[in-house]
Each structure stands twice: as C-alpha cells, then as structure tokens.
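I have placed the structure first, in the form of structure tokens, so that the comments after it can refer back to it.
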There are 2 protein chains.
Amino acid sequence: MQSVRIWKIGKLAVQAGISVRTLHYYDEIGLLPPSHRTGAGHRLYTEDDVRRLQCIKSLCALGFSLDQTGGLLSTRDCSPRQVIEMHLTQLREEMRRQLKLVERLEAIHEKLQHEKTAGIDELLGLITEIEMMETFKKCYTAEQLDTLEKRAQKVGPERMQEVQGEWHELIGQVREQMNAGSKPDEPQVQELAKRWMGLIDEFTGGQKDIAESLGNVYKYDPTIASSRGFDLDATIMEYVAKSWASLNTRKE
Amino acid sequence: MQSVRIWKIGKLAVQAGISVRTLHYYDEIGLLPPSHRTGAGHRLYTEDDVRRLQCIKSLCALGFSLDQTGGLLSTRDCSPRQVIEMHLTQLREEMRRQLKLVERLEAIHEKLQHEKTAGIDELLGLITEIEMMETFKKCYTAEQLDTLEKRAQKVGPERMQEVQGEWHELIGQVREQMNAGSKPDEPQVQELAKRWMGLIDEFTGGQKDIAESLGNVYKYDPTIASSRGFDLDATIMEYVAKSWASLNTRKE
DNA sequence: CGTACACCATCACGCAACGTGAGGTGCAAA
DNA sequence: TTTGCACCTCACGTTGCGTGATGGTGTACG
C-alpha cells in the first residue's frame, strides 16, 4: 500500500512459505543478504530481495543446489542452457539408478511372497540371488540362465559372497602387477591368471559358452562391472587373457 | 587356506571394495565392530564379520540407510516384508518427484530452444510460466488454458510471483483467524475474503468457469497446493467461501 | 640390531541445508 | 512496568563418510 515496501524476516518467511532459519542461512552463505538492517541489526528486505528470493526458490525447486543457484543468479551473461542440459542429464542418470533400485526391490518383494519363511537370512539369500541374475540377464539365453541359477543354488549364497570378495582381492592384485609394469608372461602374473580362470570355472560350472558370454558382458559394458562394485575394465581383462594365453602356449 | 581366517582392516577394505575409513565408521556407530583386536588395538575381523559386511553392503545397495540396515540385521524375528514395502513406496514417491523435475526441465529446455535470448531473466520467466501451467494443466480445457496463458503473459511473470507471495500472506492470515475462532461473518474475516476473491479475479481474468475449476483443483487434490508451496486445505477454502457468502447475502 | 616403509590407531574438521534450542535485545500493548 | 512477541547471534546435531595430522606397529632387509 506504500511506495516503498519493506519486509522484516518473519513476514518474508511467511510470505515465501519458508522458515526464518532458512533466510538466516541464505544470508549467512551470501546467497540472499538483506539490502538493509535496522540500527538494532534487524534484517530488512526490499522488493528486489523478495524477487531474488522467488528466483532462488524456483531454481531450488528444479533441483539445483544453493551453490548452483547462486552461480546462475550471478552470471549475467553466460547462457544457462548448458547448465540446464547438464542438470537434466544428471537427473536422468539419477532416475535410472532409482528405477533399478525399485525393480530390484520389487523382485525381492515378489519372491518374498512365495517364500513362507521371512527371516533375514532368506532375505539376504534372495538379495544376492537377484543381484546375480540381474547382472547376467542381459546377455544370456534362457537355457544358460537356468544353468546358472541351478549352479548358484548349488554353491549357496555364502560361497557366492565369498567369491565376490576373492574377486575384489584378485582384481586388486592384478592391477598392482599391471601398474608395477610386470609382463603378462611373468610367473607371478600367470599365477594370478590361473586363480582368475579357476574362479570363472567355479562360477560357470566349467561351461565355456557361459564363460565367454560373461566375458562379453564385462567387455562391452564396463558400467555393469562398476555397478557390481568391481574395479574392472577392458585393459585388465586383456592383460589377464594374455597371461593365460602365455601359460597355455608354453604348455603345448 | 587356513582353518581360521582373520582379516586386518586394510585387507578387508580391499576385499569388500570399500574404504578403511568406512570400516572405521561402521565400527564407530556400532554397525560392524570387529570381533577381536590385537594388543596394540588393531582391528581383527572374522569370517562372521565379513559375512555381516556383505549383508550391510547389500542392504545399503538397496537404498537403506545405515540405521535401517542395522535394524534389519538386529531384529531376528520380525518380518522384513513390511520394511521392504515401506521402503518401496517411499522410493516410488521419490521417483515421481524426480520424474516431475525432469519433465519440468525438459519443458524449459525446449522453450529455451525457441527463445533467442538466453538471459537469466527470460529463464526465470519461463520457469514461473511452466510451473503455473503445470498446476492448471490437469483440470482445464484447452480453451481455458489458452485464456490463462494469455492472461499470464499480460500480467507478466513479476506480478505472478508477487501474487504468489500475497497468497502466502493471505492464507496465513485466514488461518490465524480460523485458529483464533473467528466466525466467517465477522468483518475482519470478510475483509480477507474480499482480498481472496480479488486475487482470484486478477488471476483468472474474472472468468467464473475458470475460477470454479481452480477451486476444484485445490479442493479435490490438496497435494497440488502443497506442491506449489501453499499451506492450503479444504477447511480453509470452505471457511473463506462461507465468509464470502455471508458478505453477498447481506448485500442483497 | 637398527631402520625403512607399509600399515594401523585415534582425533578432528569438512561437506549440504538447514532444525532446534539457548540466551540476550527491540518494541509495542496492557 | 511488565508482558509478550519478533528479532538477534552463537552453536551443536543431522548422514556417511573424505581427508589430513600425528603417532604407534610390524616386518623385511641390510
């Protein structure tokens, strides 16, 4: 109603639908310092401040961090197009992760319906089972999947988890050798390669086609490996393959 | 290879693919205290500890917090079914939010392609515009939407934002009166009702059908109001409606 | 036997975005 | 003058660790 409109912090908080503490915080980090203060130190916000706050709220509602928001509001010239695109791809990535989680949980939930017992141990068995199947599902035929499932049930979830630990260890050791500059045909590397192939054998029940498919999975989509927690890439797999080959050629 | 297998913290970290600090932390919060320590205080993990760690990793991978994970692992009897379901619904909720964000950003991104200028002000105009349209899109006919869009362009984004602030203020004042026990036909409440209807008028360009639809939006889906940042529910709207009605009956 | 070096230990601060008091003013009504 | 509300400035708590700082251990090697 007056020519100059001024808000104290409480009113502004109500008007913007946020808390006083939030405004304190925005002041603290320099995102929205009030244009004026009273003699007693009370914050006084002008219309410009209010507009800035609206902007901040909008950008935050789009998922930007306060830091990014501040950046967007300060750069007068630079086009926000790129920022938006980056943010968008990032969000989509996040969504994919979420979707995977939900799918996993749904699978577990469904399996839980069939099982009568609902102890924590069964739950964990199901979880490892589903994690495994999920990894393979993309590349195997139904028949192969069936074989793998039987195999997994035979060795049991504990051994599966143990094996996972051994993989981590083994991969670490191989990477060490690689970084140390060891050649693939040196004996200590060949030793690692033997353990490597041994694990694969146990895993696949010695069926070559399955082992090969497994190799392809990791070869053509390294993201799967990292999603399973493995620090694995094409160079390592090639290194081990060479080492294994050097073993076999000598034997012949 | 030996009958009793013991891991020190570094080995276990490598084997599990996590950091030493993480194991320190899990010990600190009591989630995974090692079964033994050496005389010098070095942590010694047994096979049981390793299994527990695998469980923890699995549950975390499913999106449970460390707290929830600890709970799941400690409750031997209670069925985890409910926990899973709760978590699942929560995750789905989260996904819906994410999806909304992505859609909004996509809309903004598309609009940015058409606009030549890419300053921050235009961006903010687009954002408010899209937020508005999104609210309405669910309940209006194409014709009404068109009217609303023209209306929004006419008043401009700044005024739209200002109005939003006034809404917050107004809603707060009405809620105050309600909580204070004021009757709808008391003059100060009627004053608020007048402002309320004035805002709606400005908003809708005075078209009754649009205003009515708007009322229905908020009446039948209060979640929309809260997603727009309004602390609005059916009781408040009824209260204002009564107050407005009391004004009009007196006039006649 | 000493020493070099990797590994282990315990603090303790930092991050994001505030929530939640605690303890002390400013200002207007009763 | 007292009450009471709105405001102020610390300052600690949240989650899941990362990243040093500083100092003790354990073992392999000369």
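What average number of partner chain Cβ atoms lie no more than 10 Å from the Cβ of the residues making up A:59-72? It would help to have the intermediate numbers written out before the result.
Working: counts 4, 0, 8, 7, 7, 1, 0, 0, 0, 0, 0, 0, 0, 3.
Mean shielding count: 2.
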message: Let me spell out the model: positive unit charges on the Cβ of Lys and Arg, negative unit charges on the Cβ of Asp and Glu, origin at the Cα centre of the stretch B:135-215. What dipole size does that give, in debye rounded to 20?
response: 160 debye
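If R₀ is 30 angstrom, what is the calculated FRET efficiency for the pair B:Gln188 and A:Ala61, using the beta carbon separation as r and rounding to 0.05?
Details: r = 33 Å, r/R0 = 1.11.
FRET efficiency, B:Gln188 to A:Ala61: 0.35.
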field: 20 Å cut-off, amide nitrogen to a point 7 angstrom out along A:Ala234 Cα→Cβ, residues in the stretch A:168-193
entry: A:175, A:178-179, A:184
message: What are the ³J(HN,Hα) couplings of the stretch B:197-204, residue after residue, when phi is run through the Karplus curve with 6.51, -1.76, 1.60 and θ = phi - 60°? Round to Hz, x for glycine and proline.
response: 5, x, 4, 4, 4, 4, 5, 9
- prompt: For the protein assembly as shown, what D do you get in µm² per second when you plug the Kirkwood radius from alpha-carbon pairs into Stokes-Einstein at 37 °C and 0.692 mPa s?
  reply: 116 µm²/s
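Within the set A:Lys150/A:Lys208; A:Lys111/A:Lys150; A:Lys100/B:Lys111; A:Lys100/A:Lys242, which residue pairs have Cα atoms separated by over 27 Å? Please list the in-between numbers first.
Details: A:Lys150/A:Lys208 16 Å; A:Lys111/A:Lys150 16 Å; A:Lys100/B:Lys111 31 Å; A:Lys100/A:Lys242 35 Å.
Violating the 27 Å limit, Cα to Cα: A:Lys100/B:Lys111; A:Lys100/A:Lys242.
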query: Which residues does a label at B:Ala180 reach in the stretch A:1-40, if reach means a backbone N under 18 Å from a point 7 Å past the Cα toward the Cβ?
result: A:11, A:14-15
field: Computed lengthening from A:Leu73 to A:Glu202, 0.36 nm per intervening residue step minus Cα-Cα distance
entry: 40.7 nm
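Hey, with R₀ at 45 Å, roughly what FRET efficiency would A:Glu85 and A:Leu145 work out to, going by the Cβ-Cβ distance, to 0.05?
Numbers: r = 38 Å, r/R0 = 0.86.
Working from the Cβ atoms, E equals 0.70.
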query: Stokes-Einstein at 37 °C, 0.692 mPa s, Kirkwood radius from Cα pairs: D for the stretch B:22-121 in µm² s⁻¹?
result: 188 µm²/s
- line: Rounded to two decimals, the Debye log10 I(q)/I(0) of chain B (Cα scatterers, no solvent) at q = 0.12, 0.13, 0.16, 0.17 Å⁻¹ is -0.84, -0.90, -1.14, -1.24
Simple spin-label estimate for A:Arg5 and B:Ile29 in nanometres, 7 Å along Cα-Cβ: 4.5 nm
- prompt: How far is the Cα center of the stretch B:26-93 from the Cα center of the stretch A:185-204, in Å?
  reply: 32 Å
- request: Could you pull the Cα extents of the stretch B:7-74 along its three principal axes, largest to smallest, in whole Å?
  value: 35, 21, 20
message: Using only Cα atoms and rounding to the nearest 10 degrees, what angle (0 to 90) does helix B:47-61 make with the longest principal axis of chain B?
response: 20 degrees
- prompt: What's the local net charge at B:Leu123, with K and R +1, D and E -1, over the other residues with C-beta under 10 Å away?
  reply: -1
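Coordinate-derived values only; no laboratory data. As the structure is a prediction and not an experimental result, all values here were calculated from the model. Cβ atoms come from the backbone with ideal geometry, glycine included; neighbour counts cover every protein chain shown.
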